[in-house]
Amino acid sequence: YQIERIRNFAIIAHIDHGKSTLADRMLQLTDLVESRQFRDQYLDRMELERERGITIKAQAVRMPYTASDGQEYLLNLIDTPGHVDFSYEVSRALNGCEGAILLVDAAQGMQAQTIANLYLAIEAGLEVIPVLNKIDLPAARPEQIAVELGSLIGEDPDDVLAISAKTGDGVQEVLERIVERVDPPRTDPDEATRALIFDSHYDAYRGVLTYVRVVDGELRPRQEIRLMATGFHNEIDQLQVVSPEPTSIDRLGPGEVGLLTAAIKEVDQARVGDTVTDHKNPAEKPLPGYREPTPMVFSGLYPVDSEDFPDLRDALDRLRLNDASFTYEPETSAALGFGFRCGFLGLLHMEIISERLDREYDIPLVTTAPNVRYEVALEQQPKGGADRAHDLAADGVIEVSNPAEMPPPHQITEIREPVVDAMVLTPSDFVGAVMQLCEHRRGEMLKMDYLSEERVELRYRLPLAEIVFDFFDRLKSQTRGYASLDYEPAGRQVADLVRVDVLLNGESVDAFSSIVHRDKAYDYGKAMVEKLKELIPRQMFDVPVQAAIGSKIIARETIKARRKDVLAKCYGGDVTRKRKLLERQKEGKKKMKAVGAVDIPQEAFVAALSVD
Ligand code: GDP
Ligand code: MG
């Protein structure tokens, strides 16, 4: 293809606004997928993605399209993930494009990810084409939303396309507009080969599949390539385009998008954002934009049965092959035994990984409450006095990603916690409720803008720890589902934090420790012991549950000893009923973890999640 006839574009949208459905319609319109073979959401390949209706990994598909000017164009649709946890991947994928369709549900209107993604697209210098979707819905208000959208991006509301991705109405016009308005890719003919990796994932049969967009030069099968950030080099084994099934091709030229294999064993070696160049004739400078993905949320994963530990390690090794943004290292808990401290991009990422462990590897796990990573400045200590559990850096600053490892207060001069800049978009009726929630979560207001009479954009700086738990759910419930949230990391801030420990039967259970703001510590401790009293079943003896800061007890409850045996009730009764009861009891037990003499169910370890 001549470069003037290539158009690389992405669809950006808030979740559920119809991105996958529109992509499906485009595949049908360009005759790539016969209706017979068609299954909904063709591009969402992973089983989990399908079930949850979300797109986790960016993909690219090549669609030859004959436009109304009679010319054949090559449209490359680069799919982007829609969730906040993956905004790093969104911006990498957008760097492979010159244009973006900003898709907005005409009934719901603009949501936080609409705007967050719009900013990412503007930052990447893309031509943005606004499109309203779902105009077939009776609740659609296309005129009103076209005005809002138009004023946000400086477009005449009459020029905003209105479509139904479901019926296909108006989709052709979207393709025409891409051809008209999106620039063809640019290339420098004197530059050595450079291709941007915008996605890579692991395939059990073929190794790592690396999705690239060629910027300068060309790629061919058998070419020896080098990845500039990791230094990995090898021969290209297969070079393919996705159209929509992978098809071999003997050249990818400037502006073209495809995928390659080169006997790469781990996604870590072919990282998103890295530049592919020719090994013998390398480019001098990589393409801009490589950044290490940083885990933001941490949690301990422990096998319920300690014999599963080696299997858990294998499973994590394998997951990591496919997901370089996920980290883990072994740790030991006095309460839970051997396990791993895992790092995730966000809560959804954490849920996805735990679900895959459960589903694909079938290892019953105890997951501790998620927490963030703190930077802790320590009192300078005489040599040899430092806590051996930490690698004490020369400047006396350590990173703590497990609350149980927070040093005692007298050793600490300062704790710095990660903060984020959050954007909440809400109907104006709920502004008060949103402000109240943000302030309760230690938020500091940065900005408030009325986008229209009904829609308000609020910006807050918030501690990440205050939003990883249940902030999103609270926000939804207090705004009847209308508000939406997006956030990005904004460094760290000093905060007055303390470690609250929980003691069961007089013994501190390290897996229950958490880091809390001093002003909230008492309320937190009280709520936590009450919650645990509810969740931990009665034992043969009284179990005191206490919360403490250092050696100071701040709250206490008692789980009373159990009086009756389960079977006592149906003594002499029907045998099958008895067996059923026993079985149920055994099942309940399976999910418990014995800590000292006390059996604790899995829910208790994430009790902190619902304590407020
Ligand atoms: P995504 O999260 O942006 O990929 O959204 P999906 O494409 O998965 O769509 C979310 C939901 O909206 C699905 O139930 C779709 O069937 C539905 N949907 C998408 N486009 C339309 C449309 O034009 N009209 C109607 N009525 N429903 C639509
Ligand atoms: Mg989708």
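Using heavy atoms of the protein chains and a probe of 1.4 Å, the accessible area assigned to residue 135 is about 50 Å².
Label-to-label distance for residue 180 and residue 250 is 3.9 nm, based on points extended 7 Å past Cα in the beta-carbon direction. Given in Å, the Rg to one decimal and the Dmax to the nearest whole number for the Cα atoms of the range 186-258 are 12.0, 38.
Distant-in-sequence amide contacts of residue 232, defined by a placed amide H-H separation under 5 Å and a gap of 5 or more residues or a different chain, comprise 227.
Given a Förster radius of 60 Å and the C-beta distance between residue 599 and residue 234 as r, what FRET efficiency does 1/(1 + (r/R0)^6) yield to the nearest 0.05?
Details: r = 52 Å, r/R0 = 0.87.
Efficiency, from the Cβ-Cβ distance: 0.70.
In units of the rule-of-thumb radius 2.2 N^0.38 Å, the range 327-478 shows an alpha carbon radius of gyration of 1.32.
If the chain linking residue 153 and residue 358 were pulled fully straight, counting 0.36 nm for each residue of separation and taking away their Cα-Cα distance, it would gain 69.4 nm. Residues in the range 236-387 average 43 Å² of solvent-accessible surface per residue, probe 1.4 Å, ligands and nucleic acids excluded. Here residue 552 is the anchor, and the aspartates and glutamates within straight C-alpha reach of less than 14 Å, apart from those fewer than 8 places off in the same chain, are 501, 507.
Arrange the residues 265, 280, 19 by how much accessible surface each exposes, largest first, with a 1.4 angstrom probe. Working shown, then result.
Values: 265 135, 280 160, 19 25 Å².
From most accessible down to least: 280, 265, 19.
The fraction of Cα-Cα pairs per 10 angstrom bin, counted from 0 for the range 223-327, comes to 12, 34, 30, 16, 7, 1 percent, rounded to whole percents.
Would you mind telling me the share, in percent, of accessible area of the range 115-210 contributed by carbon and sulfur at probe 1.4 angstrom? After summing per-atom areas, the C and S share lands at 48 percent. What the pair-distance distribution of the range 447-566 shows, using all Cα-Cα distances binned every 10 Å from zero, is 11, 31, 25, 19, 10, 3, 0 percent. Computed with a 1.4 Å probe over protein heavy atoms only, the accessible area of residue 499 comes to about 70 Å².
Using a 1.4 Å probe and counting only protein heavy atoms, arrange 399, 176 so the residue with the most accessible area comes first. Before the final figure, lay out each step's value.
On the way: 399 90, 176 35 Å².
From most exposed to least exposed: 399, 176.
Note on the range 139-214: the alpha carbon radius of gyration divided by the globular reference 2.2 N^0.38 Å gives 1.70. Using the reciprocal of the averaged 1/r over all distinct C-alpha pairs, how large is the Kirkwood radius of the range 58-205 in Å? For the range 58-205, the Kirkwood estimate is 16.8 Å.
Keeping the other protein chains in place, figure out the carbon and sulfur percent of the accessible area of the range 254-359, with a 1.4 Å probe. The C+S portion of the solvent-accessible surface of the range 254-359 is 49 percent.
For residue 202, the solvent-accessible surface computed with a 1.4 Å probe is close to 70 Å², ligands and nucleic acids excluded.
The values are calculated or read from the model by the stated rules, or taken from the named source; none is laboratory data. These numbers were taken from a predicted model, which means no experiment stands behind them. Because the Cβ atoms are built from the backbone with ideal geometry, glycine has one as well, and the counts that use them run over all protein chains shown. Remember, those area values only see protein heavy atoms, side chains included, never the ligands or the DNA or RNA. Shrake-Rupley method; radii C 1.70, N 1.55, O 1.52, S 1.80 Å.
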